[in-house]
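Right, one structure below, let's go through it.
We did not get these values from a lab; they are worked out from the coordinates using the rules stated. This structure is a prediction, so every number in the text was calculated from the model and none was measured. For neighbour counting, all protein chains shown are included, and Cβ atoms are generated from backbone atoms with ideal geometry for every residue, glycine included.
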Amino acid sequence: MNPSQILISVLAFCSFAMAATPLTARADSPKNPKRTIVQDRPPEPQREFRGVWVATVANIDWPSKPGLSTSDQQSELIAILDHAVRLHLNAVIIQVRPACDALYESKIEPWSEYLTGQQGKPPSPYYDPLEFAVAEAHRRGLELHAWFNPYRARHSDGHTLAGSHVSRTHPDLVRAYGHSLWLDPGSEAVQDYTVSVIMDVVKRYDIDGVHIDDYFYPYKEVDANKHVIPFPDDATWQAYLQSGGNLSREDWRRENVNTLIERLYREIKRDKSWVKFGISPFGIWRPGYPAQIKGFDAFDQLYADSRKWIQSGWCDYLSPQLYWPIKQPAQSYTSLLKWWVDQNAHGRHIWPGNYTSRVGDGSKNSWSRDEIVQQVESTRSQNGATGNVHFSMKPLLQNRAGVTDALIAGPYDQPALVPASPWLKDHTSNRPKFDVDVDDTTGKSTLTWSPGGKQRPWLWVLQIQKSSKWTTLILPGDQKTLSLTPASPEKPPEAFALSAVNRTGERSQPVVITP
């Protein structure tokens, strides 16, 4: 069974019950007199971002351990993608650069040790994991966002760095801090280097998004006496002062990060305007925003002015990591979500991150599955928030404490389209060419279609009306046919509607046919 058939078997009989649309203004089809084309639109399909982080650092999610064979790595990744389809997710965010390494073929940085157990060693037999992931995700109608750490150069001690690692090739850009290595955000050469790495992936791979998380300047390290160890950026700070700079050191650090964020957004859009740029900062901008919020100050500690990024429109979506329960007033999920929505001056997407890994994790602070379900429902009820991202894939694969079952039975019982991004440029989706042939004996319907223009759609939305209710299927753009056999030949579908969706999520007018 090929991936398209897998998708069909998973989705073909989803029950997306909505109010029936009257079938009026009919016109006989010149090609098939037994078929009529209906001018009315069926109900709008559901729109909601449903993403999941697939972490590769320390083999959190994938691969399950370093050194797996190529076939085992690919099988694990396919299982992740198939599970995402089963759960009616529509996007996977895969970590492709954990620490100045690469889970893809790169001439800039070495192969990640999380693949083979040895940094710089390619998979054998050879394959390109990112190329494979993109192809398999798209075959299933899933968006693939490539997740980068912009500054971390080594996650921790314990492995040998390859000769092509930046700490070997450009040691002047790297700073030792605690047990890790970091690029110095105050260096213009570091900014150039980071941008070159990310844009190399944007140019060479058909990804749907670029994603960066909450690691900017590193979380503070402390010595044996619990005193904070200063980040070693004296050289770049002194160079800034000597150049005439007059910002405080803290503001200078924040401006270094701001400059990278703005530049990444601008350069991604210059090369591929439809590729989304997303950021998942720490969930609290600053304590006191809103008033009852207490906790870690990412603005002061990580030098991350994430409010400025969303207010300036420097990202297409923001996924603040709201990793607290709803009923925890000092870090309230719902209060923080509303605050972030209120900062969204440019109408970008707000898709909060959820700490799904806390469900059934065995800790004293473990959550029930209901917490995650309620958080998804709370997001839906907050005007201006249109989806969620789950950290991470492992608890969903394990169905930990029944969380996967609860999501499928509850908020994710039906498929959904990613919300459109109308500020991004893409070719307009043309109405497709669509035909339906029904076998009068068996009631089997054979549906065939093709693009209405030169551009291949990203997705197809197929809606089927039966017993005055509509079912929605979301199919990959390279699919061109589907066969449906009803349980009873006397009760075939009453109508079919097909529309095309482009890379920015905008949908064409549907073609609606009644046999």
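Note on the range 457-515: with charges restricted to the Cβ of Lys and Arg (+1) and Asp and Glu (-1), its dipole about the Cα centre is near 80 debye. The chain: D in µm²/s via Stokes-Einstein (Kirkwood Rh, Cα pairs, 4 °C, 1.567 mPa s)? Approximately 53 µm²/s, per Stokes-Einstein.
Each Lys and Arg contributes +1 and each Asp and Glu -1, all at the Cβ; summed about the Cα centre of the chain, the dipole is approximately 1100 debye.
In whole angstrom, the range 57-103 maps to an equivalent ellipsoid with semi-axes of 20, 14, 8, each derived as √(5λ) from the alpha carbon gyration tensor and ordered largest first.
Site pair residue 121 and residue 494 shows an inter-label distance of 6.3 nm when each label is modelled 7 Å from Cα along Cα→Cβ.
Computed 3J(HN,Hα) for the range 396-408, one whole-Hz value per residue from the Karplus formula 6.51 cos²θ - 1.76 cosθ + 1.60 where θ = phi - 60°, is 6, 5, 7, 6, 4, 6, x, 5, 5, 4, 5, 5, 5, glycine and proline marked x.
Given 203/308; 220/272; 121/480, which pairs have Cα atoms separated by over 30 Å?
On the way: 203/308 27 Å; 220/272 36 Å; 121/480 40 Å.
Over 30 Å apart, Cα to Cα: 220/272; 121/480.
Counting only residues at least eight positions apart within a chain, or on another chain, the aspartates and glutamates with an alpha carbon under 18 Å from that of residue 491 are 437, 439, 440.
With +1 on the Cβ of every Lys and Arg and -1 on the Cβ of every Asp and Glu, and nothing else charged, how large is the dipole of the range 50-113 about its Cα centre, in debye rounded to the nearest 20?
Numbers: 5 positive and 8 negative charges, 46 e Å.
For the range 50-113, the charge dipole is close to 220 debye.
Specify whether the C-alpha gyration tensor of the range 182-321 places it in the rounded, prolate or oblate class, a ≥ b ≥ c being the square roots of the eigenvalues: rounded for a/c under 1.5, otherwise prolate if a/b is larger than b/c and oblate if not. It is oblate, given that a/c is not under 1.5 and a/b is not larger than b/c.
In whole Å, what is the distance between the alpha-carbon centres of the range 215-274 and the range 131-207? Between the Cα centres of the range 215-274 and the range 131-207 lies a distance of 17 Å. The tail of the calculated P(r) for the range 203-274 beyond 21 Å holds 49 percent of all Cα-Cα pairs.
Taking every pair of alpha-carbon atoms in the range 299-357, give the share separated by more than 14 Å as a whole percent.
Working: 964 of 1711 pairs.
Counting pairs separated by more than 14 Å, the tail of P(r) holds 56 percent.
Starting from one equal scatterer on each C-alpha and no solvent at all, send me the Debye-based log10 I(q)/I(0) for the range 213-255 at q = 0.17, 0.26, 0.30, 0.31 Å⁻¹, two decimals. The Debye formula, applied to the Cα set alone, gives -0.60, -0.98, -1.08, -1.11. Among 339, 458, sorting on how many other beta-carbon atoms sit within 10 Å of each Cβ, with the fewest leading, yields 339, 458. Projected over all directions and averaged, the alpha-carbon convex hull of the range 290-402 occupies 7.4 nm². Look at the alpha carbon pairs under 8 Å that are at least 6 residues apart: their mean separation over the length of the range 299-439 gives a relative contact order of 20 percent. Toward the positive end of the charge dipole of the chain, with +1 on the Cβ of Lys and Arg and -1 on the Cβ of Asp and Glu, the farthest Cα among 212, 461, 511 is that of 511. For the chain, give the share of DSSP beta bridges that are antiparallel, in percent and rounded to the nearest 5; count only bridges with both residues there. Expressed as a percentage, antiparallel bridges in the chain total about 55. Could you tell me whether the range 386-463 comes out rounded, prolate or oblate from its Cα gyration tensor? Rule is a ≥ b ≥ c as square roots of the eigenvalues, rounded for a/c under 1.5, then prolate if a/b exceeds b/c, otherwise oblate. The shape class here is oblate.
Put the Cα centre of the range 56-70 next to the Cα centre of the range 372-440 and the gap is 27 Å.
For residue 330 and residue 247, the difference between the fully extended length at 0.36 nm per residue and the C-alpha to C-alpha distance is 26.7 nm.
Per-residue extension of 0.36 nm, minus the Cα-Cα distance of residue 228 and residue 267, leaves a gain of 10.4 nm for this segment.
Take every Cα pair under 8 Å in the chain that's 6+ residues apart, average their separations, divide by the length, and report that relative contact order as a whole percent. Please list the in-between numbers first.
Details: 1082 pairs, mean separation 85.6, N = 515.
The value is 17 percent.
For the range 265-322, the spread of Cα positions along the three principal axes, ordered from largest to smallest, is 41, 18, 15 Å.
Against the globular-protein guess of 2.2 N^0.38 Å, express the Cα radius of gyration of the range 351-391 as a ratio, rounded to two decimals. Show your work: numbers first, answer last.
Working: Rg = 10.9 Å, N = 41, 2.2 N^0.38 = 9.0 Å.
So the range 351-391 has a normalised radius of gyration of 1.21.
Tell me whether the range 377-515 comes out rounded, prolate or oblate; compute the Cα gyration tensor, take square roots of the eigenvalues as a ≥ b ≥ c, and use a/c under 1.5 as the rounded threshold. Since a/c reaches 1.5 but b/c is at least a/b, the shape of the range 377-515 is classed as oblate. Amide H to amide H distances under 5 Å link residue 177 with 182, where only residues 5 or more positions off or on other chains count and H is placed in the peptide plane.
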